[in-house]
1. Over chain A, what is the mean sequence separation of C-alpha contacts under 8 Å (at least six apart), divided by residue count, expressed as relative contact order in percent?
2. In nm, what is the difference between 0.36 nm times the number of residues separating residue B:59 and residue B:101 and their Cα-Cα distance?
3. What ranking do B:53, A:169, B:99, A:122 get, fewest neighbouring Cβ atoms within 10 angstrom at the top?
4. What's the angle, to the nearest 10 degrees (0 to 90), between helix A:12-21's Cα axis and the longest principal axis of chain A?
5. Given 5 Å bins starting at zero, what is the percent of C-alpha pairs of the range B:19-125 in each, up to the one with the largest pair distance?
6. Per residue and in Å³, how big is the convex hull formed by the alpha-carbon atoms of the range A:84-138?
7. Kindly state, to the nearest 0.05, the FRET efficiency for residue B:39 paired with residue A:150, given R0 = 30 Å and r defined as their beta-carbon distance.
8. At a 10 Å Cβ-Cβ cut-off, how would you order A:129, A:211, B:110, fewest neighbours first?
């Protein structure tokens with residue numbers, strides 16, 4: 001299996017069944033569980049690629065990152081860039097940010113039946129039964145919010161907390177998943193892609209929301225996956241968006 | 001000396017809680033207000049002649065000469081970034097700077113040795 005695309009989200013029997021169904025037409029599938037998110041590493045803000053406990057090689061993927069943005073408490077932009085620091089990628093911003101964001105296009109992938117995913121278009125793999133263009137998005141709330149989190153430029157899919165973030169784990173928090181800036185139904189949301197990556201996702205309703213208990217008294221990385229329509233039907237049959245929202249709750253005094 | 005012209009308050013009640021409580025002392029030592037980022041304490045002190053920043057790492061004062069520091073004062077959608085001058089010990093100073101009520105103040109320090117950048121955010125009330 002290609003190491004850059006190693007987590008098909010469909011089981012083998014399901015894949016076989018899908019392959020049969022897709023003999024007639026290409027079917028929408030969620031194919032890639034990995035995402036990008038921000039987390040603290042040695043005091044600094046780092047950009048992470050992976051899923052679950054797999055903190056994978058972000059340095060080699062850094063050329064794929066299209067956009068790194070930082071914002072102050074009024075959502076005014078702050079100049080920011082990614083920097084390789086040994087084995088990790090850290091974010092250097094010109095001022096202390098309140099919010100940071102990143103976009104990483106992850107290419108076009110196709111597969112035939114249950115074969116491995118390959119970095120090919122439909123034109124390059126005419127017998128493909130599934131084909132997708134993937135993009136990863138990440139937003140992190142670094143500093144305290146003085147106003148609700150805004151839809152950010154470049155975040156085609158974005159998770160927004162619909163209310164104040166609680167100070168203690170276990171409290172319910174409603175999230176709105178935006179697609180092109182508007183609430184979208186059908187996005188699959190999990191509460192913790194680091195510590196519970198295989199959780200059964202909640203699906204956003206007509207208002208684009210899901211409500212979940214805040215899971216961790218520490219780093220929380222919420223993930224939303226949304227399959228959008230293709231804009232290049234000759235090259236791929238869908239666009240798969242994987243978005244994360246990261247924030248932290250403070251721990252108790254020591 | 002006049003009491004602090006400006007009262008600085010942490011943001012904890014305004015939505016997200018910043019990383020507030022962690023390692024070492026969290027008490028202000030210069031009459032200012034404190035924000036923690038992990039094991040690093042930032043103390044911001046508004047004074048008649050400007051604004052001071054004191055930095056402590058796990059109860060050890062950080063040598064200001066080994067760092068650069070910047071304050072970013074955001075009010076009404078506009079931000080002013082002010083470089084601070086390293087002083088003796090763990091103090092940085094921004095001469096003549098005032099912190100208006102309602103401002104958000106980002107503190108960012110950069111290690112001259114490693115390039116590591118980190119900081120905290122204060123709200124001015």
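Any read-out appearing in this document is the output of simple, stated calculations on the displayed coordinates, not a laboratory observation. Since the structure is predicted, the reported quantities are computational estimates derived from the model, not experimental observations. Don't worry about glycine lacking a Cβ; one is built from the backbone with ideal geometry, like all the others, and counts go over all protein chains shown.
1. Relative contact order, chain A: 18 percent.
2. 12.1 nm
3. A:169, A:122, B:99, B:53
4. Here the helix axis deviates by roughly 60 degrees.
5. All Cα pairs, binned at 5 Å, distribute as 2, 13, 24, 28, 19, 10, 3, 0 percent.
6. Spelled out: Cα convex hull of the range A:84-138, divided by residues, is 119 Å³.
7. After rounding, the FRET efficiency stands at 0.45.
8. Ordered from fewest to most neighbouring Cβ atoms within 10 Å, A:129, A:211, B:110 come out as A:211, B:110, A:129.
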